[in-house]
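The values are calculated or read from the model by the stated rules, or taken from the named source; none is laboratory data. In this text, all values refer to a predicted model and were calculated from it rather than measured experimentally. Methodologically, a virtual Cβ is constructed for each residue, glycine included, from the backbone with ideal geometry; neighbour enumeration extends over all protein chains shown. Ligands, DNA and RNA are excluded from the accessible area calculation, which covers all protein heavy atoms including side chains. Shrake-Rupley method; radii C 1.70, N 1.55, O 1.52, S 1.80 Å.
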Amino acid sequence: MLKRKIWDYLKSWKEDPDKKALLVTGARQIGKTYIIRRFGQENYKSFIEINFVENEMAAKIFSEVSNVDMIITNLTAYTGKKVLPGETLIFLDEIQECPQARTAIKFLVDDGRFDYIESGSLLGVNYKEVRSYPVGYEEIYHMYPLDFEEFLYANGVTDQTVKYLETCWRTLTPVSDSVHETMCRLFQYYVITGGMPAVVNRFVDTHDIGQVEELQKDILELYRQDIAKYSLDDKAKIKDIFDRIPSELNEKNKRFILANMRKTARMERYENCFLWLKDAGVALPSYNVTEPSAPLKLNEKRNLFKLFMADTGLLCAASLGNVQFEILQKNMDVNMGGILENIFAQIFTANGFELYYLDKKNKGEIDFVLQKGKNVLPIEIKSGTSYKQHPALNYVTKVENWNIETAYVFCQGNIEKEEKVIYLPWYMAMFLKQEKIERGTIVDVDLSALSSFGGQDF
């Protein structure tokens, strides 16, 4: 079983006495169904799974969305399984195929006898109209392909090694040469393999890149079929954009240029197509910002963007030429800029960041500009040995109004700091995470200062 971070989240969710239904969303083939099924089987006395794609008749279970007793009766009759109050997980898979099931969630959660997890591919989660969304009764967890840390565990790297690397990250201490070399090699494998669970398993079992690529191409074809199935409008445009991602990233500035598709193409006619691919979880847009100042959202230019693929292994399989061989030969400097940026887009997205970049005329480009809390982090990704040459980064760190305290360069070198610039090995990106409030963070309100008012009315 692959070690996935969602497992700990699921355990925490189960222990919450006031839990809502949990909706796990994400792109196809990232392992949602497998991990939820395994969790249910190992942590509940009774586990019921309904897949609305495999069992089209199952939708009839929810014909009366507000009648909980009728739904439970239908559910047990359909599956032939017992339900035990407080000890049963009901898993509704491919929930996008049954809008009335999502409507029923409000009433099922209110009933409180059983736990509910829904799962749906983002490719289809919104393509059928839901009569009434269960707002306030559902929490959403966005799942992604395996991140690099999960990939390390799949390949036998221990917790102890990861903790050692994190200590190096926090203290800016160079990694030992032997560990550094091994980690760089594993990172190159991650670029080629990506994070689709079936692909990672195939790599771990065989180390056969040919088999890995065959499986990746099967997934790419599945995505194309899903575009045809789920995109209600503009199917041809969406498929064209999806297929052009590798070639657009291979351009010098890596921006997605509509005119490369059609000379007469205009953004207003294509914007919904790009948003569909983003919402489907198969593409990651990175928008240009006018300046690296928080909040970045207010500085974005929606008409200037790069479009990355959500899984870099799939990008390698979709690219022309034998890029996997070049990467295995440690040649990350020849036509690899787009692929290398893509893996960081994938890592940063999974770590909770929205993607932006900065392109200032006559000053150069910053590959990524991330906002962590109130701080803005300019980041450059370097594939070659001249990673200390970064005039654009030097420029942004010296503009006083932007108040840049720290800038990062991810490269093939070891950890090093020069003034505001921190040089980090590629693999250290797994530790750069967005700040968030963790489940279980409890705050206390001290009202003692109000007691002096003696209960006066105001």
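Here are the numbers for the structure shown:
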{"item": "Residues residue 207 and residue 15, FRET efficiency given R0 of 41 Å [Cβ-Cβ distance, rounded to 0.05]", "result": "0.60"}
{"item": "Dipole magnitude of region 1-143, debye to nearest 20 (Cβ charges: Lys/Arg +1, Asp/Glu -1, about Cα centre)", "result": "420"}
{"item": "Check: region 41-80 dipole with +1 on Lys, Arg Cβ and -1 on Asp, Glu Cβ, in debye", "result": "100"}
{"item": "Cα lying deepest toward the dipole's positive end in the chain, options 103, 164, 406, charges on Cβ", "result": "406"}
{"item": "Residues whose placed amide H lies under 5 Å from that of residue 116, excluding near-sequence neighbours", "result": "22, 90"}
{"item": "Rounded to whole Hz, the Karplus (6.51, -1.76, 1.60) HN-Hα couplings of region 186-195, x for glycine and proline", "result": "5, 5, 4, 5, 5, 4, 6, 7, x, x"}
{"item": "Qualifying GluC sites (Glu not before Pro) for region 7-61 [loop in DSSP, other Cβ within 10 Å: at most 16]", "result": "54"}
{"item": "Exceeding the 22 Å Cα-Cα cut-off - candidates 388/417; 388/436; 14/106; 5/330; 361/417", "result": "388/436; 5/330; 361/417"}
{"item": "Lysine-lysine proximity count for region 157-287, Cα under 21 Å, sequence distance 8 or more or distinct chains", "result": "19"}
{"item": "Answer label for Cα extents along the principal axes in Å (calculated), chosen among [x] 69, 67, 50; [y] 68, 55, 47; [z] 72, 58, 47", "result": "[x]"}
{"item": "Nearest 10 degrees, 0 to 90: helix 6-15 Cα axis against the chain principal axis", "result": "30"}
{"item": "Accessible area per residue, Å², region 1-84 with all protein chains present, probe 1.4 Å", "result": "53"}
{"item": "Length-normalised contact order of region 103-233 in % [C-alpha pairs under 8 Å, at least 6 apart]", "result": "27"}
{"item": "Residues of region 151-282: accessible area per residue with a 1.4 Å probe, Å²", "result": "51"}
{"item": "Cβ-based charge dipole, the chain, positive-most Cα from 238, 62, 112", "result": "238"}
{"item": "Gap separating the Cα centres of region 295-309 and region 152-181, nearest whole Å", "result": "33"}
{"item": "At 1.306 mPa s and 10 °C, Stokes D of region 1-95 from Kirkwood alpha-carbon radius, µm² per second", "result": "109"}
{"item": "Surface share of carbon and sulfur [accessible, 1.4 angstrom probe, percent] for the chain", "result": "47"}
{"item": "Chain lengthening between residue 79 and residue 419 when straightened (0.36 nm per residue, less Cα-Cα)", "result": "116.0 nm"}
{"item": "Nearest-20 debye value, the chain charge dipole, Cβ charges on Lys, Arg, Asp, Glu", "result": "960"}
{"item": "Difference of contour (0.36 nm per residue) and Cα-Cα distance, residue 225 to residue 111", "result": "37.2 nm"}
{"item": "Positive-end extreme of charge dipole, the chain - chosen from 328, 17, 77 (charges on Cβ)", "result": "328"}
{"item": "The chain: relative contact order as a whole-number percent, Cα under 8 Å and 6+ apart", "result": "13"}
{"item": "Amide hydrogen neighbours beyond the local backbone of residue 353, cut-off 5 Å, H modeled", "result": "434"}
{"item": "Per residue value of the accessible surface for region 394-433 (all protein chains in place, 1.4 Å probe), Å²", "result": "44"}
{"item": "Ellipticity estimate at 222 nm from DSSP helix runs (n ≥ 4, -39,500 (n - 2.57)) divided over the chain, nearest 500", "result": "-12000 deg cm²/dmol"}
